[in-house]
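Here's the structure we're looking at; comments come further down.
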Amino acid sequence: SVVPAGYTGVVIECYYRRSGNEIYTLPVEWRDAHMASYTTKDIRNIALTGSQGAGKTTLVEAMLHASGEIGHIGTVEEGNTVCDFDDLEKEYSHGIESSVVHFDHNGAHINVIDTPGSPGFYGKAVAAIPAVESQIIMLDSSAGIDTMTRKLIALGRERELPQVILIN
């Protein structure tokens, strides 16, 4: 807990995955003083989709590091990424659930949904699409475009989302 000794005010609970899934309590005053407020025009919601192993989680780690949100870039192989926090995700070295991360960039608050790339979890990637207004599609240049990625591209087009294709 980071609540000062003897503090008697209202506290909030914060869940921070990077530190071993611990729950920290913070004074409400700290939240109000340290958390920026945003209007909807300042918020961007992006789905990061693509095949398993295309580099989605690695890209998220680089974004978080470049924005100053994390000091060390984790790797899927080491099991220390922000997005792959579940024990099964670490064991199998791929996402099972969609993960949401956020950071600020050039006056905008960016929310990125890192979606699973395994075909067995396709539904979780599909479920992220209605929550965003743009889509990044990661492609593995050595693997080409698989059926799942084609379906996710089509779904984004159907919803008229701006799409960015990144080739890794």
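Bear in mind these aren't lab numbers, they're just calculated from the coordinates by the rules spelled out. Remember, predicted model here, so these are calculated numbers, not experimental data. Ideal geometry is used to build each Cβ from the backbone, glycine not excepted, and the neighbour counts take in all protein chains shown.
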**Item:** Segment GLN163-ALA66, length gained on full extension (0.36 nm per residue, minus Cα span)
**Value:** 32.7 nm
**Message:** What FRET efficiency comes out for SER142 versus ASP104 if R0 is 41 angstrom and r is the Cβ-Cβ distance? Round to the nearest 0.05.
**Reply:** 0.75
**Request:** Tell me the GluC sites (Glu not before Pro) within the stretch 115-168 that lie in a loop according to DSSP and have at most 11 other beta-carbon atoms within 10 Å.
**Result:** GLU160
**Message:** Multiplying the sequence separation of ASN45 and ASN111 by 0.36 nm and subtracting their Cα-Cα distance, what value in nm do you get?
**Reply:** 23.3 nm
